[in-house]
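The values are calculated or read from the model by the stated rules, or taken from the named source; none is laboratory data. Note that this is a predicted model, so its numbers are computed, not measured. Cβ sites come from the backbone with ideal geometry, for glycine too, and all protein chains shown count toward neighbours. For accessibility, only protein heavy atoms count, side chains too; no ligands or nucleic acids. Shrake-Rupley method; radii C 1.70, N 1.55, O 1.52, S 1.80 Å.
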Amino acid sequence: MAAASGKTFEVFNPADSSVIAQAPDSDREDINRAVAAARRAFESGPWRRMTPSERGKLVWRIGDLILKHADELAELESVDNGKPRAVARVADVPLAADLFHYMAGWATKIEGNTIPISVPGFHAFTLREPVGVVGQIIPWNFPLLMAAWKLGPALATGNCVVLKPAEQTPLSALRLGELLLEAGVPEGVVNILTGFGETAGAALAAHDDVDKIAFTGSTEVGKIIVRAASGNLKKVSLELGGKSPNIIFKDAGDLEAAISGAANAIFFNHGQCCCAGSRLMVERDIFDDVVAGVAEHARKIKLGPGLAADTQMGPLVSEEQLKRVTGYMHQGKQAGACYVTGGERSGDRGYFVKPTVIKDVNPKMSIVREEIFGPVVVAEPFTKPEELIPRANQTPYGLAAGVWTRDIGKAHCIAAELRAGTVWINCYNIFDAALPFGGYKQSGWGREMGHAVLEAAKRCGPCSGRRVTSPS
Ligand code: NDP
């Protein structure tokens, strides 16, 4: 549907900067209309009368439809975001379907409690109810999957939604909207609006008739969202940035597996992952071997347009990200870091950068402290765990970490010391719809996926649930 103003914006293919679509440029007026539609659907539409079982079946159908259209969705994701089509086909699309299938099961299992109170003659119980109208703002790194992470739990628990995808990657969310209608989601229950963060996103975050805002993106914008949400004290959940340590001990055993795991930790999705293993910390005795091995992996990665069959890494998502990532590369060089491989743009068409491995860094450098969000890893040696842990935790973020060692006791001890929402042991980037995901510190509030996300999507518990009493 067109924006009220009739304005549109251009959507680019990051592989060659060509314009592939025009999307409606929604603003405050469109957000007002969408929130009103969601409110109507929540208060009086058929959605409210749908039984948990019907809702569960409907959410399951969404997962089925995503799988039915998997090739088409993977292609859309590839031309819009730049990621290889083959990767989108085996990762983004099936994971999105899994999320809906997993959440479908929860629709019939949301239960309250009976509470044995000590006031004679009364009984009490809690109900868990939908929050109401939920605003969802998502980023461009996994456009379809992030839409699924947000929509799956909100729909399974009976909420109505206004969703704004990132301006760089609106296409798969729009197609998903069509699939939702095909699955039987009543009109008004999910409203998908394309537009810019500063206009449409800001209006949604501040809207007085939105009960909750769920945001994934940068920590900087996360803080803006919190301030905007304070007007009506709407609930807020945030999945934000990271600068995650990936730690390899000399007793990692299969060093080749650890090296290729470290390469995957940073280079998967071109490093455009909030949980990317962007700080590689390696025990000094094996530091040179590991750095050489990861650099070797980096050099072998085949760059190319996402639709080419042999592409292993596509372009960054946008010219803005290209400037941001190459800007960090430049800062690292100025600060005296050593570039083992990469460190520059690749070619002059599209937004490609070379996978990059950097050593000889120190904690003052911006490349060590800040989220680069590109295929750039900084490697540092360590000698003793006493020195390792404070350094690993020396970041305002706390999203994820990796530990590679065959000593399972050590693995658990180190994991317990790391301030990170997820710690992978002898692996990295393993996701499952049943596993909660989210951050400590400035990496966010609340959890995505698993049953943990339902705490955010539902009113619950004695504080915000409803206590009903009646004379017995
Ligand atoms: P943003 O945080 O700006 O974008 C995420 C989403 O927020 C987009 O939908 C964006 O809209 C929207 N948005 C932007 N400003 C506002 C606002 N004032 N009010 C409401 N919504 C808003 O990320 P960027 O795309 O600018 O990327 C910059 C950096 O953020 C990256 O380099 C990376 O470090 C980090 N990032 C982290 C992600 C994560 O998963 N944790 C994901 C993406 C980025 P629109 O894009 O349409 O303007």
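Conditions (1) within 30 Å of Asp16 (Cα to Cα); (2) touching a Leu at 6+ places or on another chain (Cβ under 9 Å); (3) among the small types (Gly, Ala, Ser); (4) at pLDDT 95 or above, marked per residue:
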residue: Asp64; (1), (2), (3), (4): no, no, no, yes
residue: Leu67; (1), (2), (3), (4): yes, no, no, yes
residue: Val90; (1), (2), (3), (4): yes, no, no, yes
residue: Trp106; (1), (2), (3), (4): no, yes, no, yes
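How many of the residues making up the stretch 298-323 are open to solvent by 30 Å² or more (accessible area, probe 1.4 Å) and either assigned to a loop (DSSP other than H, G, I, E, B) or within 20 Å of Pro143 (Cα to Cα) (or both)?
Selection size over the stretch 298-323: 10.
Which number in (1) open to solvent by 60 Å² or more (accessible area, probe 1.4 Å); (2) more than 25 Å from Asn13 (Cβ to Cβ); (3) within 24 Å of the chain's Cα centre (by Cα) marks the one condition that Gly56 misses?
Among (1) open to solvent by 60 Å² or more (accessible area, probe 1.4 Å); (2) more than 25 Å from Asn13 (Cβ to Cβ); (3) within 24 Å of the chain's Cα centre (by Cα), the lone unmet condition for Gly56 is (1).
Quick test of your reading of the structure: Phe100 fulfils all but one of (1) more than 17 Å from the chain's Cα centre (by Cα); (2) aromatic (Phe, Trp, Tyr); (3) buried (at least 24 other Cβ atoms within 10 Å of the Cβ). Name the failing condition by number.
Looking at each condition in turn, Phe100 falls short on (1).
Name the single residue that is nearest to the ligand (Cβ to nearest atom) among those in the stretch 126-146 being open to solvent by less than 20 Å² (accessible area, probe 1.4 Å) and assigned to a strand (DSSP E or B).
Filtering first and then ranking leaves Ile137.
Just to be sure before I move on: is Ala228 farther than 24 Å from Gly421 by Cα and in contact with a helix residue (DSSP H, G or I) (Cβ under 6 Å, 6 or more places away or on another chain) in the structure I sent?
The answer is yes for Ala228.
I need the full set of residues from the stretch 362-390 which are surrounded by fewer than 19 Cβ atoms within 10 Å (Cβ to Cβ), assigned to a loop (DSSP other than H, G, I, E, B) and at pLDDT 95 or above, in order please.
Asn362, Pro363, Lys364, Glu370, Thr383
Would you pick out the residues in the stretch 337-360 that are open to solvent by 50 Å² or more (accessible area, probe 1.4 Å) and at positive phi?
Listed by number, the residues that qualify are Gly347, Asp360.
Where in the stretch 180-294 are the strands (runs of 3 or more DSSP E), entirely inside, with at least 2 residues that are more than 16 Å from the ligand (Cβ to nearest atom) and either open to solvent by less than 10 Å² (accessible area, probe 1.4 Å) or within 30 Å of Gln312 (Cα to Cα) (or both)?
By residue number, 245-248, 279-283.
Those residues that are open to solvent by 10 Å² or more (accessible area, probe 1.4 Å) and touching a residue at least 60 places away in the same chain (Cβ under 8 Å), I need them from the stretch 67-90; list them, please.
If we filter the stretch 67-90 for residues that are open to solvent by 10 Å² or more (accessible area, probe 1.4 Å), which is where we start, we get 67-69, 71-72, 75-76, 79, 85-87, 89-90.
Those that are open to solvent by 10 Å² or more (accessible area, probe 1.4 Å) and touching a residue at least 60 places away in the same chain (Cβ under 8 Å): His69, Glu72, Glu75, Leu76, Val79, Arg85, Ala86, Val87.
Keeping to the stretch 103-125, report how many residues are touching a Phe, Trp or Tyr at 6+ places or on another chain (Cβ under 7 Å) and open to solvent by less than 60 Å² (accessible area, probe 1.4 Å).
Step one: list which residues in the stretch 103-125 are touching a Phe, Trp or Tyr at 6+ places or on another chain (Cβ under 7 Å), which gives 104, 112-115.
Then drop every residue that is not open to solvent by less than 60 Å² (accessible area, probe 1.4 Å), which leaves 104, 112.
Matching residues across the stretch 103-125 total 2.
Looking at (1) in contact (Cβ under 8 Å) with a residue 12 or more places away in the chain; (2) of a type in the set (Asp, Glu); (3) over 20 Å from Ala183 (Cβ atoms), which one does Asp64 not meet, given that it meets all the others?
Every listed condition holds for Asp64 apart from (3).
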